[in-house]
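Data block below; observations after.
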Amino acid sequence: MLHGKGEVMRRQVIEQTAMDVAHQVRAVEDSIEAALIELAELQNRMIRARSVAGVGIATGHDALEQVVVSLQGLIHARGGMAQCHAALVTAKEQVPGLRTVSFGDGLECPDKVAQLRVVS
């Protein structure tokens with residue numbers, strides 16, 4: 001069955017929009033993980049700085065607790081993005097034309113360089 005030009009263009013727009021969302025989800029996931037790495041490094045440096053300075057363990061403890069609170073918040077955000085990712089996989093089944101779109105090898109999480117493609 002032949003599709004009209006308008007229908008083909010609409011499908012392309014839908015697929016491009018889905019690709020934009022997928023890339024943004026991945027960017028957010030990567031940003032959260034990068035922030036987690038930076039916070040862990042900050043925590044390490046703060047502990048080392050206290051030791052090098054030779055001050056009591058209570059010095060800077062409040063600041064260290066705030067880093068831990070920030071880490072916990074990012075861990076929670078990371079879990080939220082994992083749930084968002086799963087919900088989007090489910091939601092694509094409800095969008096006509098996206099049921100046949102997947103990342104690379106159909107893996108749960110695409111490589112950073114993976115592209116959306118139509119599969120048969």
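Structural remarks
- Extending 7 Å from the Cα toward the beta-carbon at both His23 and Arg48 defines two label points whose distance is 3.7 nm.
- Our coupling estimate for the stretch 19-34, obtained by passing each phi through the Karplus curve with A = 6.51, B = -1.76, C = 1.60 and θ = phi - 60°, is 5, 4, 4, 4, 5, 5, 4, 4, 4, 5, 4, 5, 5, 4, 5, 5 Hz, Gly and Pro reported as x.
- Derived from the Cα gyration tensor, the three semi-axes of the equivalent ellipsoid of the stretch 1-57 are 54, 5, 5 Å, largest first.
- Label separation (Glu41 vs Asp62): 2.8 nm, computed from points 7 Å beyond Cα along the C-beta direction.
Any read-out appearing in this document is the output of simple, stated calculations on the displayed coordinates, not a laboratory observation. The shown structure was predicted, so the numbers you read here are calculated from the model rather than taken from an experiment. Here the Cβ is made from the backbone with ideal geometry for all residues, glycine too, and neighbour counts use every protein chain on show.
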